[in-house]
2 protein chains.
Amino acid sequence: MTEFNQAASPFSSAGRGVGSTAAAAESTANRQRAERVMRRDGLQALVATTPENVGYVIGSQLRATNWTMQIYAVLPADPTARPRLIIPTNRLGVVAQIGLTTADLYLYSDFFLEGSPEGRASTPDVDAFYALLQTAHTYAGPLEALNAALHDLGVGQAAVGIDEMRISPSVYAQFEAGRPERSVIRAYALFREIRQVKTPVEIRRLREAAILNERLERELIGLIREGVHEEEIAAHYRRGIVSAGAVPAMVAVGAGPRSALPLIERYFRRIEQGDLVRFDLCSHLDGYWADTGRTAVLGEADEWQTKHFAAVYAGWETALEQVRPGVQASEIFEAAVGRVRGSGIPHYRRQHVGHAIGLELYDDIVLGPSDHRVLEEGMVFCVEVPYYELGAGGFQIEDTVVVTPDGYEFLTGMPRVLYRQ
Amino acid sequence: MTEFNQAASPFSSAGRGVGSTAAAAESTANRQRAERVMRRDGLQALVATTPENVGYVIGSQLRATNWTMQIYAVLPADPTARPRLIIPTNRLGVVAQIGLTTADLYLYSDFFLEGSPEGRASTPDVDAFYALLQTAHTYAGPLEALNAALHDLGVGQAAVGIDEMRISPSVYAQFEAGRPERSVIRAYALFREIRQVKTPVEIRRLREAAILNERLERELIGLIREGVHEEEIAAHYRRGIVSAGAVPAMVAVGAGPRSALPLIERYFRRIEQGDLVRFDLCSHLDGYWADTGRTAVLGEADEWQTKHFAAVYAGWETALEQVRPGVQASEIFEAAVGRVRGSGIPHYRRQHVGHAIGLELYDDIVLGPSDHRVLEEGMVFCVEVPYYELGAGGFQIEDTVVVTPDGYEFLTGMPRVLYRQ
């Protein structure tokens with residue numbers, strides 16, 4: 001039997017060329033922060049069930065094709081203990097391809113596969129798959145596998161948190177029934193709290209996602225011409241994003257009157273002279289989101305466009321001036337909205353001027369009027385102060401920054417101007 | 001105020017050219033089957049919460065970027081009553097772009113947007129958005145909006161089913177607490193039961209998805225050459241699928257020893273002379289899935305390859321011979337597995353030889369040993385009898401068929417041969 005050998009993993013290289021479309025599994029979780037949160041709430045472990053939280057615990061995204069599939073990961077409070085991954089046996093080959101070394105495996109349900117690569121032509125991931133098949137224990141179902149993982153971690157009957165957002169309600173109910181009263185709490189919000197402060201690996205991945213997104217955004221601005229259809233521009237984005245191994249999500253490309261639409265998922269307009277074209281582009285790479293935006297005009301900007309862009313820019317600038325540890329999210333919001341109102345849009349209203357970004361497009365903490373939480377070093381935010389006026393047009397400047405000890409650092413780099421084509 | 005005018009909708013044309021990347025909303029649900037299921041279980045309405053079930057009720061997919069977003073749709077038991085859609089106000093623009101006319105809207109939470117398109121340059125979807133903004137009532141939260149929708153449908157305190165798989169557990173608990181005891185049942189399985197028998201609109205969409213998938217599959221086979229990397233082939237698939245407005249999911253392109261891997265999400269191998277290349281390709285178009293597979297060889301097939309392909313083909317053929325109304329899923333399984341065993345792979349084992357396909361990759365009913373349910377006209381199945389042998393190779397033939405009164409009809413059309421390049 002071939003041992004599962006990390007050095008032989010096709011993922012041991014950090015390269016991202018052909019044959020390495022996604023990052024190898026590496027630890028992404030902020031274990032110290034997780035320990036602090038669990039100690040505060042008297043928990044011995046957290047169970048992840050959403051793809052984002054499972055990916056956070058194991059350091060790699062498993063792209064389950066059916067989102068009702070039961071996949072869990074256990075994050076122990078003890079930062080020296082290894083996480084556990086609970087998956088159906090039919091996903092084992094994917095785990096082998098990822099070269100997962102960050103978690104111990106608990107399989108459930110049967111899956112038939114013949115053969116042995118011993119002494120025959122093979123590849124490292126096939127060898128790894130075979131070795132895992134030979135060594136991993138298979139439990140009857142996800143509940144049994146989860147309980148075994150918690151038992152092996154020595155959690156016993158202690159309190160645990162469970163991400164309630166994707167576990168099947170019937171498995172959740174059985175899990176709860178098998179443990180002492182009030183020893184199971186809902187933990188989706190706790191995962192989001194832990195994820196607020198990004199680790200260096202996460203910041204690197206967010207930077208890669210932002211760089212890719214902006215590379216495409218530049219190309220999209222370059223495509224603006226009279227008669228070009230919004231759909232052609234959006235399709236270029238989608239093709240470029242998937243070619244880089246990432247996943248396109250919302251692709252707002254709105255020209256003329258449609259620049260005023262905040263969310264765009266369908267495309268109808270050919271660009272005309274004088275049109276504003278507003279971009280708000282979202283994608284994710286290895287599970288980490290990018291969300292960036294710019295505005296362009298075909299030809300010369302008119303007075304209304306120039307004035308409103310300037311107001312939006314002023315608000316964006318003011319928001320960023322506030323970004324540093326210790327500032328409340330709501331303070332950033334108030335400063336930015338006030339600045340826009342004083343810069344030419346006196347009736348300006350917004351729900352927020354940005355949001356945390358990470359494994360979810362909207363991570364925890366919103367730069368809005370009722371979020372009084374305080375920024376910390378290592379948090380990552382999209383800062384945006386858009387303006388939408390139906391019948392007139394819309395403007396967007398959206399950048400991503402990481403909070404540093406004395407301010408912020410951009411993950412994005414495109415000039416913040418009203419682009420002219 | 002501009003009235004929301006269906007005739008003015010940019011979606012009134014059935015075309016799928018530039019400017020119409022996705023189908024307009026049209027009724028997809030099998031209302032008669034839904035009525036029968038609800039009457040049997042004493043329910044007055046079903047509440048959809050997963051994107052698949054919401055899309056089923058309203059006839060169009062809302063591509064929410066955050067899957068924890070609370071979006072519901074209510075399907076009344078009375079087939080003449082209109083469905084209701086519950087969305088956060090910030091998704092209203094998307095609804096306008098879709099040209100949704102199949103459901104009444106219930107909005108919740110605030111969203112700020114200025115202006116009015118009256119008398120100014122605009123587009124039909126901007127007008128529709130504005131009209132909806134002016135006329136729709138906004139509720140405090142998703143629970144209030146859901147209760148209002150049920151009230152307006154005259155459901156009162158009668159029993160309802162609620163799709164438990166994506167509603168936030170706290171909203172679910174509050175919803176249950178506000179209604180008589182035992183009047184709320186979990187309904188994810190009921191939606192899947194209703195969706196077993198596809199409507200003509202659904203079959204058309206599944207056919208379009210299958211045709212697109214096979215167009216790419218043909219192109220992929222054409223790319224097979226010595227030295228070509230699996231990743232190049234997979235990337236061609238992803239680009240082609242997104243260019244057609246669809247979404248790529250699992251892209252199994254496995255060459256040589258990697259042809260034996262059932263699920264492939266990472267790519268490592270350059271194709272060599274004599275390699276098997278196994279394809280199993282999944283995507284979805286307007287929410288409807290395609291899942292097709294073929295196997296190729298570079299050069300001449302050797303004896304082992306020829307023999308095993310023939311056994312897999314025989315099993316596939318036998319499975320299809322069984323497909324007709326009244327046959328149990330398990331009978332198809334037993335016949336196909338028996339035929340493979342008698343055709344050169346005596347040790348052959350499988351979990352299933354196919355699965356229903358629709359709004360989920362695995363819809364309800366699996367062609368497996370323990371599923372004794374009976375096929376009905378209008379069900380759609382992927383039929384597959386793959387063989388995977390680690391260290392040797394793997395084979396796949398996967399087609400999609402709709403059950404007809406006296407057998408089946410293919411939605412797929414590629415020759416079922418061992419392709420040679």
Select from region B:220-252 all residues whose loss of accessible area on going from the chain by itself to the full protein assembly reaches 40 Å² or more (probe 1.4 Å).
B:Glu231, B:Arg238, B:Arg239, B:Val242, B:Ser243
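Could you work out, residue by residue across B:264-275, how many beta carbons of other chains sit within 10 Å of that residue's beta carbon, and then give the average as an integer?
That average works out to 5.
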Which residues, if any, in region A:359-392 have at least 20 Å² less accessible area in the whole protein complex than in the isolated chain, probe 1.4 Å?
A:Glu360, A:Leu361, A:Tyr388, A:Glu389, A:Leu390, A:Gly391
Please work out how much accessible surface A:Glu35 shows to a 1.4 Å probe, ignoring ligands, DNA and RNA, in Å² rounded to 10.
50
Against the 2.2 N^0.38 Å scaling, with N counting residues, where does chain B land? I'd like the Cα-based Rg ratio to two decimal places.
1.09
So with the 1.4 Å probe, I'd like the accessible area per residue for the protein assembly as shown, rounded to whole Å².
34
Can you compute the modelled spin-label distance between A:Glu377 and A:Glu300, with each label point 7 Å from Cα toward Cβ, in nm?
5.0
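Evaluate E = 1/(1 + (r/R0)^6) for A:Glu331 and B:Ser27, where r is the Cβ-Cβ distance and R0 equals 41 Å; express this FRET efficiency to the nearest 0.05.
0.25
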Roughly how many Å² of A:Ser370 are accessible to a 1.4 Å probe, to the nearest 10?
100
Accessible-area composition of the protein assembly as shown, carbon plus sulfur, in percent [1.4 Å probe]
50
How many Cβ atoms of partner chains, on average, are near each residue of A:349-355 if near means within 10 Å of its Cβ?
2
So the angle from the long Cα axis of helix B:329-341 to the longest Cα principal axis of chain B, reported in degrees to the nearest 10, equals 20
Quick one: order A:Arg258, A:Arg350 from most to least accessible surface, probe 1.4 Å.
A:Arg350, A:Arg258
Ranked by how many other beta carbons lie within 10 Å on average, peptides A:184-192, A:296-304, B:90-98 from highest:
B:90-98, A:184-192, A:296-304
Between B:Leu223 and B:Ala158, the two model label points (7 Å from Cα along the beta-carbon direction) sit apart by a distance in nm of 5.3
Which whole number gives the average count of other chain Cβ atoms within 10 Å of the Cβ atoms across peptide B:166-177?
2
What whole-number distance in Å separates the alpha-carbon centres of region A:213-227 and region B:129-151?
37
Given the C-alpha centroids of region A:307-362 and region B:345-365, what is the distance between them in whole angstrom?
52
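In Å², nearest 100, what accessible area do chains A and B bury in total when the solvent probe is 1.4 Å?
About 7400 Å² of accessible surface is lost on pairing.
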Tilt, helix B:31-40 to longest principal axis of chain B (alpha-carbon atoms), in degrees rounded to tens, equals 80
If you take the beta carbon distance between B:Ser116 and B:Thr138 as r and set R0 to 25 Å, what does 1/(1 + (r/R0)^6) give as a FRET efficiency, to the nearest 0.05?
0.90
Sequence neighbours fewer than 8 away in the same chain don't count; with that in mind, list the aspartates and glutamates whose C-alpha is under 14 Å from A:Lys307.
A:Glu389
For the pair B:Ser370/A:Ala189, report the inter-label distance in nm, with labels modelled 7 Å from Cα in the Cβ direction.
3.8
Using only the alpha-carbon atoms, how far is helix B:230-243 inclined from the longest principal axis of chain B? Give it as 0 to 90 degrees, nearest 10.
30
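The values are calculated or read from the model by the stated rules, or taken from the named source; none is laboratory data. As the structure is a prediction and not an experimental result, all values here were calculated from the model. Using ideal geometry, Cβ is built from the backbone for each residue, glycine included, and neighbour counts are taken over all protein chains shown. When the accessible area is computed, the model is the full protein with side chains, heavy atoms only, and any ligands, DNA or RNA have been set aside. Shrake-Rupley method; radii C 1.70, N 1.55, O 1.52, S 1.80 Å.
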